[in-house]
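Working notes for the structure below.
None of the figures in this text is laboratory data; all of them are computed from the coordinates on show. As the structure is a prediction and not an experimental result, all values here were calculated from the model. Here the Cβ positions follow ideal geometry from the backbone for every residue, glycine too, while neighbour counts run over all protein chains shown.
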Amino acid sequence: MHNKTDIIEQIQDLWQHLQDQQPLVHCITNSVASNFAANVVLAIGASPAMIDNPFEAEQFAQIAGALSINTGTPTTEQTQAMFKAVKGANTAGTPWVLDPVGYGAILSWRSETVDDLLTFQPHIIRGNASEIAALAGNQSSAKGVDSTLQSDQALQHAQSLLNSSPCIAISGATDYILSQEFGIIAITGGSVLQPKVTAMGCALGAVCAAYHAVSQSSALAAIAAHCHFALAAQNAAEQTHGIGSFQVAFLDALDQLKPEDFNHIDLKRIDPKHSQLNSL
Amino acid sequence: MHNKTDIIEQIQDLWQHLQDQQPLVHCITNSVASNFAANVVLAIGASPAMIDNPFEAEQFAQIAGALSINTGTPTTEQTQAMFKAVKGANTAGTPWVLDPVGYGAILSWRSETVDDLLTFQPHIIRGNASEIAALAGNQSSAKGVDSTLQSDQALQHAQSLLNSSPCIAISGATDYILSQEFGIIAITGGSVLQPKVTAMGCALGAVCAAYHAVSQSSALAAIAAHCHFALAAQNAAEQTHGIGSFQVAFLDALDQLKPEDFNHIDLKRIDPKHSQLNSL
Amino acid sequence: MHNKTDIIEQIQDLWQHLQDQQPLVHCITNSVASNFAANVVLAIGASPAMIDNPFEAEQFAQIAGALSINTGTPTTEQTQAMFKAVKGANTAGTPWVLDPVGYGAILSWRSETVDDLLTFQPHIIRGNASEIAALAGNQSSAKGVDSTLQSDQALQHAQSLLNSSPCIAISGATDYILSQEFGIIAITGGSVLQPKVTAMGCALGAVCAAYHAVSQSSALAAIAAHCHFALAAQNAAEQTHGIGSFQVAFLDALDQLKPEDFNHIDLKRIDPKHSQLNSL
């Protein structure tokens with residue numbers, strides 16, 4: 001039903017809507033990511049607002065184009081703000097993304113928060129392989145907030161999370177986007193430098209939210225976001241091998257991406273039964 | 001009374017004082033801006049200190065050269081710190097800047113905080129057009145924390161705020177600085193890339209404070225700060241078109257600005273009655 | 001007992017262990033430093049995790065390779081997290097670093113926190129000269145969180161702190177590392193641009209922790225960290241004179257440092273009685 005050309009055309013349309021509408025993206029994120037995520041959201045063409053107190057989050061989520069929630073460095077007040085924001089988002093029909101940073105046995109306090117947030121049915125759940133596997137109820141390991149699994153190792157586990165959200169996105173050397181609508185989409189690209197820059201994943205969650213602000217489809221928003229991210233990272237890695245200068249070049253590349261660049265994305269559909277890559 | 005040459009000479013003197021004295025700038029700012037604002041304050045020659053807890057803010061504001069308060073991501077403790085700091089500043093005669101980020105109907109909690117802070121008579125109020133118009137009691141619109149008005153649209157409204165502060169600064173493609181002392185000063189320059197970098201406005205608030213630490217005149221401090229900022233942004237934009245690399249080049253340019261560069265600033269006085277640009 | 005060649009070989013071994021093991025570094029740091037410190041820790045080869053809430057800090061410090069505590073912008077919850085983390089670290093034998101940012105008479109609240117933390121015997125105390133002198137009970141002055149003393153002016157005072165910790169590190173144009181094991185080691189290098197970039201010292205504290213995760217010796221970890229930092233800063237300063245671009249080049253250089261680069265470090269032992277530099 002969806003061949004590669006169709007999907008890419010839809011992505012290009014979303015990208016154009018993003019530039020035209022510059023939607024307001026409500027972010028509740030961690031102290032490490034806040035500046036970088038805001039700059040990333042600006043770079044892709046949207047308008048970030050970091051409203052993370054419990055006294056404003058509910059009302060603000062109602063007027064935002066989308067909401068991104070990230071559990072990287074939660075405080076008591078910020079955690080309260082997350083629930084307020086989700087309530088506001090669900091009341092107003094604002095799409096929202098859950099990025100369960102650090103989910104797992106060691107960080108049990110935030111993991112309980114994430115379990116509770118999950119009952120409010122996020123539109124997209126985005127995480128690394130360790131987080132997604134753990135969130136799906138599997139014994140998993142992680143190194144702090146970094147994954148010790150490859151993204152494909154979380155694929156099977158991730159299927160069960162489709163009960164909690166219409167779209168599950170697992171980031172890694174290959175990104176996997178799971179949904180009823182598109183099945184499993186694999187996006188390969190990006191750069192080996194990405195894991196050497198902090199908050200890249202956190203910023204990607206906010207980009208998913210930004211694309212969802214202009215998309216009816218959660219899965220298409222997540223796919224577009226991951227494609228935009230992977231292409232910009234590839235372009236940036238062509239400019240530099242340094243990890244500091246890569247971060248700078250990445251912001252440049254996110255902003256300078258042209259719609260025709262999406263034609264070059266390595267995007268495939270996977271048959272979950274055979275776990276093999278099928279060309280679309 | 002103040003022709004352009006006089007003003008520029010006074011700015012150049014302030015810049016020299018800033019380099020000589022490297023004043024301590026007490027900043028209470030948001031989580032997005034904290035790193036960038038600290039680097040900006042260092043880049044212009046001053047010494048930033050982000051003291052934003054209610055247990056130290058009052059005492060610290062008394063020994064600081066100036067205080068900058070920004071309501072971008074307020075917490076309960078940080079809000080308490082703001083009032084403590086303002087009390088300390090007013091006790092000790094420390095000049096202080098209020099940057100009412102996000103002021104408006106949607107973000108009512110912080111707006112009440114700002115209303116209360118306003119009664120303590122900040123030396124400079126600095127904001128974007130939407131914030132200034134809303135603060136002046138006008139129905140206004142904003143996109144989150146970004147302005148949907150042009151800076152000149154807030155000019156008329158801003159006049160009434162001169163009851164609350166001796167100097168009102170509105171940033172935009174053209175910046176306007178209002179005061180009894182200088183009337184309305186318009187500074188045109190900067191770069192179209194500035195709105196694509198987060199926390200630029202927040203950092204400008206801290207720069208106003210830094211200049212005020214070496215200035216008797218609130219208006220002159222604000223004018224100097226906006227000139228320094230606009231010239232550095234112009235110089236940076238000549239180096240790059242990328243928004244990531246612009247941020248880097250901007251820090252370089254703030255630091256590398258030479259006093260003679262101020263001779264090239266596009267600075268005019270405006271007649272508020274006719275709303276026309278008059279050459280000084 | 002330790003000649004220069006021996007020390008450098010031990011540093012090179014530690015560096016290799018760091019690359020091989022990529023240890024998990026638990027950081028509780030300030031809002032200005034969090035992003036930069038995380039990127040610095042990634043750049044040297046380790047894995048940062050900013051876990052700064054009191055509900056997770058104790059458990060996390062037990063599984064981390066090392067812990068870094070920094071008092072730059074403490075909140076009530078973060079302060080609680082510091083004590084929980086230290087308790088967890090000491091229970092599990094996790095080495096930890098204390099960076100007493102802002103210690104002194106003006107910032108008395110955090111200074112009391114630091115005094116209490118000190119009773120838990122940090123493995124390394126790292127600070128600038130004003131902080132170390134004040135921590136040793138001497139009348140000292142500081143400009144906010146920046147030092148007004150040269151690092152050698154704190155040398156004598158620092159000796160008494162060896163009762164509280166096996167290793168005291170004072171950063172400045174010349175860094176001094178004090179310990180029973182190595183005596184006083186002086187490392188000269190780095191760049192004059194470093195004080196113009198915020199959070200450099202804070203990041204250095206996290207680097208000390210990262211090296212301690214792979215070292216039995218606190219002093220050797222601190223020496224290695226300061227050498228890595230100083231060499232990277234020198235290399236970065238050869239690339240640029242701009243303070244924004246220096247920060248970027250510094251991250252590149254931290255990552256690109258080669259073990260043989262340590263051969264070029266200016267490292268000396270000082271005789272505390274004569275306060276003279278002695279070649280090792």
Using Cα centres only, tell me the gap between region B:61-101 and region A:1-35 in whole Å. 37 Å
Which is farthest toward the positive dipole end of the protein assembly as shown among A:Phe229, A:Ser245, B:Ser108, measuring Cα position about the Cα centre, with Cβ charges +1 (Lys, Arg) and -1 (Asp, Glu)? B:Ser108
Please report, for B:Lys87, the nm distances (one decimal) from its label point, 7 Å out from Cα along the beta-carbon direction, to the equivalent points in the remaining copies, shortest first. 3.1, 3.2
Distances from A:Asp271 to the same residue in each other copy, label points 7 Å out along Cα→Cβ, in nm, shortest first? 8.1, 8.1
Pair B:Gln159, B:Gln80: separation of 7 Å Cα→Cβ label points (nm): 4.3 nm
How much FRET efficiency would the formula 1/(1 + (r/R0)^6) give for A:Asp115 and A:Glu181, where r is the Cβ-Cβ distance and R0 is 22 Å, rounded to 0.05? 0.30
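Based on Cβ point charges of +1 for Lys and Arg and -1 for Asp and Glu, what charge dipole magnitude is obtained for chain B about its Cα centre, in debye rounded to the nearest 20?
380 debye
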Could you please report the charge total around A:Gln22, scoring K, R as +1 and D, E as -1 over all other residues with beta-carbon less than 12 angstrom from its beta-carbon? 0
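Please tell me the relative contact order of region A:153-280 in percent, rounded to the nearest whole number, where contacts are Cα pairs under 8 Å and at least six residues apart. Don't jump to the answer; show the numbers that get you there.
Details: 177 pairs, mean separation 30.7, N = 128.
Relative contact order, region A:153-280: 24 percent.
Give me the inter-chain shielding for C:36-49: mean count of other chain Cβ atoms within 10 Å, whole number please.
Other-chain Cβ atoms within 10 Å of each residue's Cβ, averaged: 4.
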Label spacing, shortest first and in nm, from C:Gln180 to its equivalents in the remaining copies (7 angstrom along Cα→Cβ): 6.8, 6.8
Per DSSP, the loop-located chymotrypsin sites (Phe, Trp or Tyr not before Pro) within region C:1-77 having at most 13 other beta carbons within 10 Å are none
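Counting Lys and Arg as +1 and Asp and Glu as -1, each charge on the Cβ, what is the dipole of the protein assembly as shown about the Cα centre in debye, to the nearest 20? If you can, show how the numbers build up before the last one.
On the way: 33 positive and 72 negative charges, 76 e Å.
Dipole magnitude for the protein assembly as shown comes out near 360 debye.
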Amide hydrogen neighbours beyond the local backbone of A:Ser31, cut-off 5 Å, H modeled: A:Thr73
Using θ = phi - 60° and Karplus 6.51 cos²θ - 1.76 cosθ + 1.60, couplings along region A:126-135 (whole Hz; Gly, Pro as x): 10, x, 7, 4, 5, 5, 5, 4, 5, 5
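How much length, in nm to one decimal, is gained on full extension between B:Ala173 and B:Ser108, taken as 0.36 nm per residue of separation minus their Cα-Cα distance?
Working: separation 65, 0.36 × 65 = 23.40 nm, distance 2.73 nm.
Computed gain between B:Ala173 and B:Ser108 is 20.7 nm.
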With a sphere of radius 15 Å drawn around the Cβ of A:Gln12, what net charge do the other residues whose Cβ falls strictly inside it have (Lys, Arg +1; Asp, Glu -1)? -4
Compute the label zone of B:Asp266 within region B:219-241: residues whose backbone N is under 17 Å from the point 7 Å along Cα-to-Cβ. B:226-239
Antiparallel DSSP beta bridges within chain B, percent to nearest 5: 55 percent
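If you count, for each residue, the other Cβ atoms within 10 Å and average over each peptide, how do B:188-197, C:38-47, A:96-105 line up from highest to lowest? Mind showing how you got there, number by number?
Details: B:188-197: 19.6, C:38-47: 24.9, A:96-105: 27.2.
Averaged packing, sorted descending, gives the order A:96-105, C:38-47, B:188-197.
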Region B:17-136: relative contact order as a whole-number percent, Cα under 8 Å and 6+ apart: 23 percent
Under a 5 Å amide H to amide H cut-off, with H placed in plane at 1.01 Å, what residues pair with C:Met50 once short-range neighbours are removed? C:Cys27
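Hey, what did chain C get for relative contact order, percent, Cα under 8 Å, at least 6 apart?
Working: 604 pairs, mean separation 55.8, N = 280.
Rounded, it is 20 percent for chain C.
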Taking the Cα centroid of region B:239-263 and of region C:36-54, what is the distance between the two, rounded to the nearest whole Å? 29 Å
For region A:158-169, in order, what is each residue's ³J(HN,Hα) by Karplus, 6.51 cos²θ - 1.76 cosθ + 1.60 with θ = phi - 60°, in whole Hz (x at glycine and Pro)? 4, 3, 5, 6, 5, 6, 9, 7, x, 8, 10, 10
